[in-house]
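Nothing in this text is a laboratory measurement; each read-out follows from the coordinates by a stated rule. Predicted, not measured: the structure shown is a model, and the values here were computed from it. Here the Cβ is made from the backbone with ideal geometry for all residues, glycine too, and neighbour counts use every protein chain on show.
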Protein chains: 2
Amino acid sequence: MGKTNIVKLAKELNLSISTVSKALKDSYEISAATKQRVIELADKYNYKPNPFASVLRKGKSKSIAVIIPEIASNFFSVAVDAIETMATEKGYDVFVYVTHENLANEISVLKRLEISLVDGVIMSLCAQTKGYEHIEAFYADTSLPIIFFDRIAMMENFPRIVTNNYESAFQAAEHLFKCGCKNPVYLYSSEWLYINKERQRGFKDAVTKNGLKVIDDVTLIKCTEDAETNYDIIHKLLCSKKRPDAIFASIEKLALIVYQVARDLDIKMPKQLKVISFSNLRAASLLQPSLSTISQPAFEMGEQAAKLLFKMIEKKFYKKANDMITIDSKMDIRESTK
Amino acid sequence: MGKTNIVKLAKELNLSISTVSKALKDSYEISAATKQRVIELADKYNYKPNPFASVLRKGKSKSIAVIIPEIASNFFSVAVDAIETMATEKGYDVFVYVTHENLANEISVLKRLEISLVDGVIMSLCAQTKGYEHIEAFYADTSLPIIFFDRIAMMENFPRIVTNNYESAFQAAEHLFKCGCKNPVYLYSSEWLYINKERQRGFKDAVTKNGLKVIDDVTLIKCTEDAETNYDIIHKLLCSKKRPDAIFASIEKLALIVYQVARDLDIKMPKQLKVISFSNLRAASLLQPSLSTISQPAFEMGEQAAKLLFKMIEKKFYKKANDMITIDSKMDIRESTK
């Protein structure tokens, strides 16, 4: 089975990674029978848990790691600002890692952190992250506190800071219908991310409620991580016979491309095309036309993530009831949907 | 003289900090007479150089620190992106520190770094930084490589990555005159920063060349770090009898406030007011009117800074001839100056 790791052990034993990890640590939560099965297989493959983490981590390093998909972004740069501000107050240093929406990078950052001295991790997933095995394995090896924010992993017992994606998207789509739109289209770029699923679900429910059908590739248009490809996709969409009369951009950069394409095709906004977008663009009100936005509380989300992480690091205590913390977004209606 | 440090020793001896540091390290560059003076005074005050740095730094930590005035900024978030990308390629981790334009924060970050394990520092000064004593003292104690970028310190022998501020500003102001402007005003927020001085010099030279006089507080308007105060300053300016017919914003956030004020006062741009700004706003072309910009090569500047730092860390070698590296900005003329 190649280089053995805890993920492979768990698979072969048909157990969760966390169970295997606990069994190897002789946890009272695991039955003697299970422990024996785990230890036998681990012995067979000569598998040893990564010894670095616990040895190195006897003293606290007073540093944390922030893993984000991008930093040249209005949302993530503000979130990092909040985390860094909280960390400075608490006397912690902050490592920043940018995955550039690439799963291989996300995996390799966690590998690096396994033998680092950080006291905890704040993380927002990249667009390619479908499964969580690399994160489970990291946690099993290090037992470090991990907080997810915005692009959260659906891993139970890990605190997650998120906005009300479903409700915000539903409300924004409803707004488009109230403006008289009959053919709105939803643009997105990652099908795996939980937050996209939630936004899409909100959009779909509003469409269905208004008596229309949701059709993949017609009502829901998948874009990419590449700006030029996205320009082509949106150009084709806005040149089509059944051109949509409204766009719901689930991420800001897609809304800005819609503006460019509309200008290049001389489509008048908002008359011929209405646009609303999840966006933290500070200049949204100065665009032509000004952009209707659902803005996430970027600073508050970063701040909450940092606060919770320091609580976990310092008190080694965390209330399960707070596993998912939702901070509401704010809808600002402007000219692009008037 | 209170808690003695190298800065105070240098002052009392009327020597440079670097000379005192070298004398204490018994450098061949310093004369025996000077060494004796330094050592006598150091003994008198029982001063010992910070021993931590050199002891701790025997092994390389493979991490660097980036100190920037803000991160929720189109320029700095892209620069950090470039630095992080280069660092990952080289196997280095990146600490990010944000000073929030506050000198006390800048000083305290350097104090923290004195006893940290980083291998080098990339730095962009905060708006309040007038003197460099805190940086000189840090360098004297740690001997760590330091690279400045964008908001550079005018410290000889330290590599500095900068854009062609003077030429870009001169060219942009000339452009305003060519558009028929007769009364352009320059907005800025920090009088200490070298890059502001250079931009201001470029603006002034263009004004003088066009037969006008530069008057402080009339042609050159000082703003602050606070958005609301800036709104008031610009509001007052655009309500005045001798309203300017053009604004040169030396930083992006001031240009966006000009847009807000002009809209609130119903001033038509570009007819009644032309605007040009140093800016890295990706949506500049989508504003109403689209904004004429001088955009700094943020990614290239970050990349160069990182490349140079790793060269210095790994080869401990640096050619003096490259002390100041200039990467040109790009002017994009759009509707706001038509």
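Numbers below:
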item	result
Per-residue mean of C-beta atoms belonging to partner chains within 10 Å, peptide A:280-290	6
Sorted peptide list for A:120-128, B:102-110, criterion being average Cβ within 10 angstrom, highest first	A:120-128, B:102-110
Least to most buried among A:39, A:30 (fewest other Cβ within 10 Å first)	A:39, A:30
Using a 7 Å Cα-to-Cβ projection, residue B:324 label spacings across copies, nm, ascending	5.7
Pairwise FRET efficiency - residue B:26 versus residue B:315, Cβ, R0 = 25 Å, nearest 0.05	0.50
Structure-based [θ]222 nm, chain B - -39500 (n - 2.57) summed over DSSP H runs of at least 4, per residue, nearest 500	-13500 deg cm²/dmol
Per-copy distances of the residue B:39 label point, shortest first, in nm (7 angstrom along Cα→Cβ)	6.4
Inter-label distance, nm, simple model (7 Å from Cα along the C-beta direction), residue B:154/residue B:46	4.0 nm
Whichever aspartates and glutamates have a C-alpha closer than 20 Å to that of residue A:44, once near sequence neighbours (fewer than 8 apart) are set aside	A:12, A:26, A:141
Relative contact order computed over segment B:158-251 (Cα-Cα under 8 Å; 6+ residues apart), in percent	40 percent
Spin-label zone in segment B:80-112 - amide nitrogen under 18 Å from a point set 7 Å from the Cα of residue B:307 along the C-beta vector	B:80-92
Relative contact order (%) - chain B, alpha-carbon pairs under 8 angstrom, separation at least six	18 percent
Inter-copy label distances at residue B:25 (7 Å, Cα→Cβ; nm, one decimal)	4.5
Under the span-like rule (Cα at least 20 Å along the axis, Kyte-Doolittle mean at least -1.0), DSSP H helices of chain A	A:74-90, A:298-315
Scattering profile of segment A:85-138 at q = 0.18, 0.28 Å⁻¹ [log10 I(q)/I(0), Debye over alpha-carbon scatterers]	-0.65, -1.20
For chain B, built as a Gaussian network whose Cα springs stay under 10 Å, the top-fluctuating residue of B:222, B:182, B:25	B:25
Amide H partners (placed H, <5 Å) of residue A:185, local residues excluded	A:246, A:247, A:248
Listed residues B:292, B:240, B:18, most fluctuating in chain B (Gaussian network, C-alpha, under 10 Å)	B:240
Segment B:158-174 residues near the modelled residue B:300 label - backbone nitrogen below 12 Å, point 7 Å along Cα→Cβ	B:162-164
Peptide A:83-90 - average C-beta neighbours from other chains (10 Å radius)	3
Segment B:181-305: relative contact order as a whole-number percent, Cα under 8 Å and 6+ apart	24 percent
Gaussian network model of chain B, springs between alpha carbon atoms under 10 Å - residue of B:280, B:157, B:196 with greatest fluctuation	B:157
Convex hull volume of segment A:171-285 per residue (C-alpha atoms, cubic angstrom)	107 Å³
Exercise: per-residue mean of other protein chain Cβ atoms within 10 Å, B:251-260	2
Cα gyration tensor, the protein assembly as shown - rounded (a/c under 1.5), prolate or oblate	oblate
Cα-based Rg / Dmax (Å) for chain B	22.6, 71
